[in-house]
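Worksheet: the structure to be examined is printed underneath.
The values are calculated or read from the model by the stated rules, or taken from the named source; none is laboratory data. Only a predicted model underlies this, so the values are computations on that prediction, with no experimental measurement involved. Here the Cβ positions follow ideal geometry from the backbone for every residue, glycine too, while neighbour counts run over all protein chains shown. With ligands, DNA and RNA removed, areas are computed over all heavy atoms of the protein, side chains included. Shrake-Rupley method; radii C 1.70, N 1.55, O 1.52, S 1.80 Å.
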Amino acid sequence: MQFPDRVSAGRRLADAVARLPLDDPVVLGLPRGGVPVAHEVATALGAPLDVIVVRKLGVPTRPELGFGAIGEGGVRVVNDSVVQAARLRGPDMARVEEAERAVLEQRLRRYRGQRAAVPLAGRTAVLVDDGIATGSTALVACEVARAQGAARVVVAVPVAPPDALALLRSEADEVVCLSAPALFSAVGQWYDDFSQTSDEEVADLLARHADAPPPGGTGSARPEAVVLDVGGVRLDGDLTVPGGTPGVVVFAHGSGSSRRSPRNRAVARALNEHGLGTLLFDLLTEAEGQDRDLVFDIPLLGRRLAGATGWLRRTRGVLPVCYFGASTGAAAALTAAADPDADIAAVVSRGGRPDLADPVLPDVRAPTLLIVGGADAAVLPLNRRAAERMRCVHAVEVVPGAGHLFEEPGAMRQVEELATGWFLRHLPPAGPDAGAEGRAGGAP
């Protein structure tokens, strides 16, 4: 697998990491090249971003041979067998550690400035690099994360050789790797653009995360884990209702995805930042998701979406509801919106398959925006033909040069802007008490 650059690799990696059950994650980039990749993973997860800096302690007469490593907070890992074989004495080891500790502290100040480290105690540490050659640095980073109190350690990289992955699986709780080629000479060979990451870029990415609004968006609204009762089936979800919101956007994910979809979460964060509420939930239970027939059962998915809408209105008050659907989820959204009693304020489809809802397209009354990538040759004509079948207010927006997953630089930002504008245009203005019931309500 070849990656255009670290940003693209980070987005693909985020898709894989988001499928894991992660409890209170912190994403840690290994400087410098791992930080741009980690930035994309942290953004997709809505998790804090930090760095984990380790320094090898080299035998004085053979600096390439490490007898241990250090991390911040006084963490020190020593390989006793190397110490004994090299006949190292305490003063010699202390001098090496002192010199490396000075370098470590200098780099941390350069990267973080005056900010404190993100605490790891009791949390899941997701260690991210742009690739792994031998695994030695990542292995030490795992030990340092555990020494800082991480309850669980996950290593996530775009590319690594099989032997390095085997080494890391002996230390990490989970290892995620997109590509493990047997013929491996260097990480850079798997990137079209492997230009050096500067210290300034690392510091800028960390600062952007530190200054970003909380995952719940503006104000005090934060995501709330909820369990939806839909026709007797219990489905997990994440609900965010900012105060004064004009409406809530319910997301329908595509086949093979879930409420953790990084792209849907990116759109949800953009909507939250503009004061809109969001509900991301799993259309299928974990067991149901293994059945490919159910994954593509559009009528079933439409009923689940309608059921989630009913749950939202029962438990959080009668707020205007919108739908955002991706891939097959777009067909589910249109199917649910076509019901005569649906009363949906607006629908947005991203890279959707509205053709799978073809029989009901003329019945959709909600204003509908179909967003498609200009390079998505298979899906673009399907959207245009679907638009011809629709009688409601509708539009087709083509993002130039974007493929089906909108991985290209700036493509997802355009999706966020188009979706936000469409929803705000078709929702009634928020009143002073809008969202009050949502803030007071609770899951049954």
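Subtracting the Cα-Cα distance from 0.36 nm times the residue separation, let me have the gained length for Arg208 to Asp293 in nm, one decimal.
Computed gain between Arg208 and Asp293 is 26.4 nm.
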Exercise for review: Calculate how large, on average over all directions, the projected area of the Cα convex hull of the chain is; give the answer in nm² to one decimal.
Suggested key: 22.7 nm²
Point to revise | GNM result for the chain, Cα springs below 10 Å: residue of Leu294, Leu28, Leu205 fluctuating most strongly | key: Leu294
Practice item. May I ask you to evaluate 6.51 cos²θ - 1.76 cosθ + 1.60, the Karplus curve with θ = phi - 60°, for each residue of the stretch 152-160 and list the ³J(HN,Hα) values in order in whole Hz, giving x for glycine and proline? Key: 8, 10, 10, 9, 10, 9, x, 8, 6
Check your understanding: Could you list log10 I(q)/I(0) for the stretch 344-404 at q = 0.13, 0.19, 0.21, 0.23 Å⁻¹, which the Debye formula gives when each Cα is one point scatterer?
Key -> -0.29, -0.60, -0.73, -0.86
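At 0.36 nm per residue, minus the direct Cα-Cα distance, what do Ala182 and Asp355 gain on full extension? Give it in nm, one decimal, please. Let's see the in-between values first.
Working: separation 173, 0.36 × 173 = 62.28 nm, distance 4.12 nm.
Taking 0.36 nm per residue and subtracting the Cα distance, the gain is 58.2 nm.
Roll a 1.4 angstrom probe over the protein heavy atoms and tell me the percent of accessible area of the stretch 361-404 that is carbon or sulfur.
Numbers: 1050 of 2010 Å².
Carbon plus sulfur share of accessible area: 52 percent.
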Review point. Separation of the stretch 183-197 and the stretch 219-250 by C-alpha centroid, Å?
Key: 42 Å
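Working out 0.36 nm times the residue gap between Met1 and Arg313, then minus their Cα-Cα distance, what length gain in nm do you get to one decimal? Please list the in-between numbers first.
Numbers: separation 312, 0.36 × 312 = 112.32 nm, distance 4.52 nm.
Here the answer is 107.8 nm.
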**Study point:** Percent RCO, i.e. relative contact order, over the stretch 305-382, from Cα pairs under 8 Å lying at least 6 residues apart
**Key:** 28 percent
Study note, to complete from the structure: From DSSP H assignment alone, runs of 4+ in the chain each adding -39500 (n - 2.57), the sum over residues rounded to the nearest 500 puts [θ] at 222 nm at -11000 deg cm²/dmol
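Could you look at the stretch 97-208 and say what percent of its accessible area is carbon and sulfur, using a 1.4 Å probe and all protein chains?
Carbon plus sulfur share of accessible area: 50 percent.
Taking R0 as 30 Å, what's the FRET efficiency between Asp229 and Arg389 from their Cβ-Cβ distance, rounded to 0.05?
Details: r = 34 Å, r/R0 = 1.13.
Efficiency computed from Cβ-Cβ geometry: 0.30.
Just the number please: accessible area per residue for the chain, 1.4 Å probe, all protein chains included, in Å².
Details: 18960 Å² over 444 residues.
Per residue, the chain has an accessible area of 43 Å².
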Exercise for review: Please calculate the 1.4 Å probe accessible area of Arg11, with all protein chains present, and give it to the nearest 10 Å².
Suggested key: 60 Å²
Exercise for review: Consider all pairwise Cα distances in the stretch 88-139 and report the whole-number % of them above 14 Å.
Suggested key: 73 percent
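Out of the DSSP beta bridges found with both residues in the stretch 18-173, what percent are antiparallel (nearest 5)? Write down the numbers at each step before the final one.
On the way: 8 of 21 bridges.
Antiparallel bridges: around 40 percent, rounded to the nearest 5.
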Revision key, fill the gap. If every Lys and Arg gets +1 and every Asp and Glu gets -1 at its Cβ, then about the Cα centre the chain yields a dipole, in debye to the nearest 20, of 480 debye
Exercise for review: Please give the peptides 330-338, 402-410, 120-128 ranked by average Cβ packing (other Cβ atoms within 10 Å per residue), highest first, as a rough proxy for protection.
Suggested key: 330-338, 120-128, 402-410
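Given a 1.4 Å probe and heavy atoms of the protein chains only, how would you sort Asp236, Asp297, Asp23, largest accessible area at the top? Please list the in-between numbers first.
Details: Asp236 75, Asp297 50, Asp23 110 Å².
Correct descending sequence by accessible area is Asp23, Asp236, Asp297.
Carbon and sulfur: what percent of the stretch 265-330's accessible surface (1.4 Å probe)?
Values: 1250 of 2330 Å².
It is 54 percent, rounded to a whole number.
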Review point. In the chain, which whole DSSP H runs stretch at least 24 Å along their own axis (Cα) and average -0.5 or higher on the Kyte-Doolittle scale?
Key: 298-316
